[in-house]
1. Right, residue 16: loosely packed, with under 10 Cβ neighbours inside 10 Å and part of a helix (DSSP H, G or I) or not?
2. Among the residues of the stretch 3-11, is there at least one that is exposed (fewer than 10 other Cβ atoms within 10 Å of the Cβ), basic (Lys, Arg) and assigned to a loop (DSSP other than H, G, I, E, B)?
3. Is there any pair with a first residue in the stretch 46-61 that is part of a loop (DSSP other than H, G, I, E, B) and a second that is at pLDDT below 75 and surrounded by 10 or more Cβ atoms within 10 Å (Cβ to Cβ) whose Cβ atoms are under 7 Å apart and which are 6 or more apart or on different chains, and what are they?
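The values are calculated or read from the model by the stated rules, or taken from the named source; none is laboratory data. Note that the structure is a prediction, hence the values are computed from the model and not measured. Neighbour counts run over all protein chains shown; Cβ positions are idealised from the backbone, glycine included.
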Amino acid sequence: MIQKADVDSTIEEIHRTRERLAEKFGGDIMAILEDARRRQAASGRPTWRSLSANKPVHPSGGSTVADNNESSPAAR
């Protein structure tokens, strides 16, 4: 069973990492992304890539809620 202290310490580590990266790159998310991509490519480790682009679940790209805020029959 996972202990709460283990979860808390993991979350704290994630927050510290995020803060360190934000400070290093002046909060520029695009610079953080580019650095991550550069490090990933330099690692030589294989990464998963989708064969197709992400597409919305609903073919129209919209939600299942009609303009009148009622759910469509499929969403009920």
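1. Judged against the criteria, residue 16 is not a match.
2. Within the stretch 3-11, not a single residue is exposed (fewer than 10 other Cβ atoms within 10 Å of the Cβ), basic (Lys, Arg) and assigned to a loop (DSSP other than H, G, I, E, B).
3. Close Cβ pairs satisfying both conditions: 58/64.
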